[in-house]
Each structure stands twice: as structure tokens, then as C-alpha cells.
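Structure first, commentary second.
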Amino acid sequence: MALTKIVKINDKLSWALWKIEAPWTELLQERTLSRDELKLLDAIHHPIKKAEFLASRLALHALLSSIGVDEYTMYKDIHGKPHIMQYSFHISLANSFPYATAIVSLDKPVGIDIEKPSDKLIRVQHKFLHPSEWATFKDNPERLCLAWCAKESLYKLYGRKNLSFKANICIQDIDYPHNPLLKADIILPQQTQHFELKIIPLENFFVLFNV
């Protein structure tokens, strides 16, 4: 089914990985969903996408249970960013079959993503790479995957629309695999925000989140 692991990064930050080994109909029996979540699930038609939706929420539930929180309501704000109604925790979810992930931060906004290197990223690299990033990432599926995951994570962290992967999220430093941390900025007219993201290799996938 199955929860693969919960990893505690520090006292404020933990993430979980769920490997999907059962159909969505079985995953649905693992936890009672809210009415809003059931509506979202019902709007998904592909069985794998339904399984990913459920597995990410089961990973989140395992994380929250590990810190003593079993009763809660998850909702999405007007921008689609998920929150826990009863607590001020920061959360983020991601999936890429057969994996789903979730992360919980007790003190600051957080974003997580999971992806597999693929030639598709080469075909769309012009849509998400800033000109300053071409020399580092161009035509390299593994590095493009890291760039995409980093930008997707920060997009989720920011939690509002009208943020361009290409223009507003720029990777400033990467020395993977020698250094498992990647540095990136969210560049806005009013300010530039600096972030470090942890790189977790996982079989043929990468998981990235800010620390």
C-alpha cells in the first residue's frame, strides 16, 4: 500500500514518502476524507491520479499522526495552496507515480516536489529556465529535473499565482552530487527571497524541499 518512511529533518520539519502499491479504491479505505476532499477526488477520472491524490494525503496523515495530530481538516485557499484548518502548520504535497510525498513545517512556509528525469524536460526547458541557468542545466535530464523540482517546490511555497518559473524563480548555486543542497531565489519587484533546498535521490526520482 504502503508508507515507505517518515524522515525528521529537525525539530520543526519532517517529510513522508508513500509508495503506491494498491488501487485507489483500497487507499480510500485507509482514511475518512472531508466532504471537500471527496468532491476533489470525484472530479479526478484517471485511477492512477486518484491513487496519487489519496496517497499524498495518507502520507500527510502519517506525518501529522507522528506529532500527535489525528483530527484535522485540510482545505485549499483561493490560490490552491493547502492548509490545516485547526493548526498553523505549513504543509505541501506532491506525487509522481508510484510515489507520493508530504511535508510539514511547524515554523515557516514549505514546498516539496518529486519528479523523474526525462527527455520531456529537455523539450520544455525553454519554458522554465532563466537565461542565466542555460549553461548549468541545458539538455541534461538529471539537472533539468533538479531545476524543475526546485522551482515547483518554491512555487508551492510561495502559494500565490502569477509567479513565473522562468522569470521569478532562479537557481543560484548547485554542486550536486557533491553537495545535497541547492540555492535558489524567488525574485519579486519588491524583494528577493533566498532559499536552500535539500536534494533527496530516490531510485530514479528526486525529492526536493526547502530547509
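The values are calculated or read from the model by the stated rules, or taken from the named source; none is laboratory data. From a predicted model like this one, the values you see are computed outputs, not experimental measurements. Please note that ligands, DNA and RNA were not included when accessible areas were found on the heavy atoms of the full protein model with its side chains. Shrake-Rupley method; radii C 1.70, N 1.55, O 1.52, S 1.80 Å.
Across segment 130-211, C-alpha contacts under 8 Å between residues 6 or more apart give a mean separation that, scaled by the residue count, equals a relative contact order of 24 percent. Close amide-amide hydrogen proximity is noted between residue 202 and 207, each under 5 Å apart and 5 or more residues distant or on a separate chain (H modeled in the peptide plane; Pro and chain starts excluded). Per residue, segment 150-211 exposes 50 Å² of solvent-accessible protein surface, assessed with a 1.4 angstrom probe and all protein chains in place. Distant-in-sequence amide contacts of residue 115, defined by a placed amide H-H separation under 5 Å and a gap of 5 or more residues or a different chain, comprise 206.
For segment 1-72 versus segment 103-155, the inter-centroid distance based on Cα atoms is 24 Å. The relative contact order of the chain comes to 16 percent, based on Cα pairs under 8 Å that sit 6 or more residues apart.
What order do 39, 116 take when sorted by accessible area (1.4 Å probe), most exposed first? Intermediate results must be reported in sequence, preceding the final value.
Details: 39 135, 116 85 Å².
Listed by decreasing accessible area, they come as 39, 116.
Could you estimate the translational diffusion coefficient of segment 1-76 from the Stokes-Einstein equation, with Rh from the Kirkwood formula over C-alpha pairs, at 10 °C and 1.306 mPa s, in whole µm²/s?
Diffusion coefficient, whole number: 122 µm²/s.
How large a share of the accessible area of the chain, in percent, is made up of carbon and sulfur atoms when the probe is 1.4 Å and the other protein chains stay in place? Carbon and sulfur atoms account for 51 percent of the accessible area of the chain.
Go through 30, 196, 203 and list them by solvent-accessible area, largest first, probe radius 1.4 Å. Mind showing how you got there, number by number?
Values: 30 95, 196 70, 203 140 Å².
From most exposed to least exposed: 203, 30, 196.
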